[in-house]
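To start, the structure under review is shown below, and the notes come after it.
The values are calculated or read from the model by the stated rules, or taken from the named source; none is laboratory data. Predicted model only: the values in this text are computed from it and were never measured. Here the Cβ positions follow ideal geometry from the backbone for every residue, glycine too, while neighbour counts run over all protein chains shown. Areas reflect the complete protein model, heavy atoms only, side chains present, ligands, DNA and RNA absent. Shrake-Rupley method; radii C 1.70, N 1.55, O 1.52, S 1.80 Å.
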Amino acid sequence: MKTRKMTALVTSALAGLLMCGQASAADLKIGIMVPTTGSEATAGKDMENSIKLAADEINKAGGVLGMNIVTVTGDDGCDPQMATAAASKLVSSDVVGVVGGYCSGATLPTLKIYGDAGTPFVVAAANSTKLIDANPGTSFQINSTGFDQVNSAVSLFQDKGIKKLAIVHQGDGYSEDLAKLTKEKWTTMGHEVVAYEVVNKGEQDQSSLVTKIKSKAPDAVFWTAYYSDGALLIKQLRQAGFRKLIAVGDGSNSPKLLEIAGKAAEGVFCFSNPTAEYLPAAKNYTASYKTNYNQAPDAYGPLAYDGMKLMADAINRAGSIDKAAIVKALKETNAFNGITGAVSFTDKNTLAKSNFVVLVAKGGKWTLNN
Amino acid sequence: MSTLDIILQQLANGLILGSFYALVALGYTMVYGIIKLLNFAHGDLYMVGGFVGFLILSAISGLLGESWAAIVCSMVLSMLAVGLLGVIIQRVAYRPMLQAPRLSILITALAVSMILSNGVMAITDGEYLAFNTDLSFDGLDFGNVFISYTQLALVVSASLLMVILYLFVNKTLYGKAMRAIAIDQDACKLMGINVNRIIAMTFFIGSSLAAAAGVMAGVYYGSLHFSMGFVIGLKAFTAAVIGGIGSIPGAMLGGLVLGLLEAFGTQIPFVGSEWKDVFSFGLLILLLILKPTGILGKTEIERM
């Protein structure tokens with residue numbers, strides 16, 4: 001008797017398992033590629049949360065083509081090697097499309113992998129101009145590229161009457177690209193770049209560099225890399241008595257920068273894609289992010305959220321989960337109404353209309369600069 | 001800024017950075033001197049020290065405010081806590097391996113390093129912690145050369161710790177025992193020295209010095225991250241080798257030399273600041289070729 005009961009139990013358990021398997025056949029697999037470990041894990045997790053939030057909302061509203069979205073996360077660790085492994089993992093787990101991409105340096109080598117598999121990839125945050133040339137046609141950048149940011153930066157410096165500029169980057173794809181383009185633009189406009197320097201990632205002491213920058217007497221310092229080391233540079237510049245303008249690129253757009261640099265960050269300018277708090281359309285997103293994750297969304301959350309929504313929208317418009325059809329639908333996106341603004345693409349699959357804003361640190365908070 | 005100003009300011013920068021390197025290098029050198037182990041977990045103890053200091057400071061700042069007294073207090077407590085952690089690591093991970101081949105214990109040290117840094121990563125969720133004490137930016141201003149009081153306090157406390165250590169190793173009975181073990185462990189056992197206890201003590205001192213540097217770094221730079229021990233560990237190791245690994249004055253000297261090299265390496269004309277590490281590690285390679293024992297290292301067996 002006992003044995004028979006056991007058999008029955010095992011059979012029903014197996015049946016249950018099989019049914020689960022069948023249910024998942026109606027699932028739509030979307031890959032998320034962000035850094036969930038390493039130095040940029042905070043931003044990566046924020047993007048992952050936002051993408052999952054968007055997927056949940058879509059599922060609650062009936063899914064895509066009657067299918068439920070399930071997400072698979074590949075951790076790119078903000079590292080090109082890890083990213084390649086993550087991309088291969090996503091491709092081999094048969095995802096229909098991928099949303100993510102935070103560090104440009106790590107995103108760059110993955111474009112080919114997705115391209116070879118024909119997998120559509122919505123690049124939510126990474127915005128180095130190198131990504132444009134490496135795009136095999138299946139990737140779509142929904143963040144404004146470095147070119148747009150360079151224009152914002154240069155016009156701010158001109159407005160502030162800057163003549164001599166110091167630029168500091170970190171030697172990675174994103175920050176070096178932004179630094180180089182700014183330098184080119186600034187010198188073609190007839191101004192001077194008096195210092196063009198590099199900070200090694202993870203090195204806390206930048207005092208010798210600060211002394212070197214100070215000795216060149218620039219009117220402004222432009223930091224093009226990420227917030228963690230940027231906060232240290234700002235603090236040490238101010239500590240050493242540098243009182244002139246400091247501006248940071250969009251990778252430094254984080255409340256953490258203000259927290260680490262403390263009062264030294266007061267008055268620092270930041271170029272940024274529009275974050276949730278400056279977007280009227282993002283109210284609902286911010287509210288549900290807070291209820292779901294007990295914290296406010298970080299800088300790239302809204303873009304990641306839009307990325308997932310755009311992917312779902314494209315699949316709906318394609319009317320099938322055929323990858324080529326989705327790529328075609330993405331390409332034909334016409335003023336997709338995201339919370340970060342209207343999304344349409346140029347013939348190079350970059351955002352047709354820039355979404356950069358200038359922020360300034362006031363009272364320990366980023367506020368819109370007028 | 002005139003050239004002289006730049007030189008003086010870089011001298012100050014180099015000495016401040018060098019005192020961090022020296023404090024951490026001491027731990028490397030002491031452990032190597034006594035059991036011939038390159039303790040790769042040492043940089044991580046620096047990191048753990050910073051975090052423990054942060055925890056203690058946030059706990060006691062209610063009582064003492066974010067004052068100098070609170071900072072000194074949290075530094076001392078963090079030194080004790082991380083010193084104990086060092087002893088535990090030595091007891092659990094290294095002591096069973098002392099008779100094993102040198103490579104096995106080296107790999108154990110790498111494992112301990114990973115456990116520490118990934119453990120802190122798991123606890124802190126990989127986040128940067130802002131260690132914001134909002135110390136004033138005031139300091140001594142000599143025209144274009146500026147040294148803040150915080151920087152002065154750092155150099156003074158680092159030097160104080162090093163002087164105490166020097167006196168301890170050279171003037172006390174325990175110090176004598178440490179030096180003796182460095183020469184011949186078996187002979188020490190025969191002479192009735194409790195070798196294990198002295199080794200544990202060495203780990204305690206080395207780890208607490210790293211913790212002191214970690215708390216100082218937290219207070220001075222204002223941020224903590226689980227990966228912060230990696231770069232400084234590498235640099236401090238370089239400093240220890242430059243000075244002559246196993247030699248305590250060598251570690252102090254090596255730290256200062258490396259700090260100064262980096263400060264002036266940034267300033268080398270025609271090349272960018274990214275070359276400073278090329279210069280310092282280039283010197284390391286040169287030194288290893290010309291004088292493998294380091295500046296103060298001796299070719300004989302005595303190493304403490």
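Tabulated results
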{"quantity": "Calculated FRET efficiency for the pair residue A:346/residue A:184, C-beta based, R₀ 30 Å, to 0.05", "calculated": "0.90"}
{"quantity": "Length added when fully stretched, residue B:93-residue B:144, from 0.36 nm per residue minus Cα-Cα", "calculated": "13.3 nm"}
{"quantity": "Computed Rg/Rh of the protein assembly as shown, alpha carbon atoms with Kirkwood Rh", "calculated": "1.03"}
{"quantity": "Calculated [θ] (222 nm, deg cm²/dmol) that DSSP helices of n ≥ 4 give over chain A, each run adding -39,500 (n - 2.57)", "calculated": "-14000 deg cm²/dmol"}
{"quantity": "Calculated diffusion of region B:3-290, Stokes-Einstein form, Kirkwood radius summed over Cα pairs, 10 °C and 1.306 mPa s, µm²/s", "calculated": "81 µm²/s"}
{"quantity": "Point-to-point label distance, residue A:60-residue B:102, nm (Cα→Cβ direction, 7 Å offset)", "calculated": "6.3 nm"}
{"quantity": "Residue B:80-residue B:59 FRET efficiency (beta carbon distance; Förster radius 22 Å; 0.05 resolution)", "calculated": "0.90"}
{"quantity": "Where region B:3-290 is the region considered: accessible area per residue in Å², 1.4 Å probe", "calculated": "42 Å²"}
{"quantity": "Ratio Rg/Rh, restricted to region A:147-272 and using Cα atoms, in which Rh is the Kirkwood radius", "calculated": "0.92"}
{"quantity": "For region B:51-80 and region A:221-264, distance of Cα centres in Å", "calculated": "26 Å"}
{"quantity": "Accessible area buried, both sides summed, chains B and A with 1.4 Å probe, Å²", "calculated": "3200 Å²"}
{"quantity": "222 nm mean residue ellipticity, helices alone, for chain B (DSSP H n ≥ 4; -39,500 (n - 2.57); rounded to 500)", "calculated": "-25000 deg cm²/dmol"}
{"quantity": "Net lengthening on full extension, residue B:170/residue B:110 (0.36 nm per residue, minus Cα-Cα)", "calculated": "18.5 nm"}
{"quantity": "Added length on full extension, which subtracts the Cα-Cα distance from 0.36 nm per residue, residue A:278 to residue A:116", "calculated": "54.5 nm"}
{"quantity": "For residue B:247, residues with placed amide H under 5 Å, excluding near neighbours", "calculated": "none"}
{"quantity": "Cleavage-rule hits (chymotrypsin sites (Phe, Trp or Tyr not before Pro)) in region B:254-283: DSSP loop, at most 16 neighbouring Cβ within 10 angstrom", "calculated": "B:270"}
{"quantity": "Descending Cα extents along the principal axes, region A:279-334, whole Å", "calculated": "38, 20, 16"}
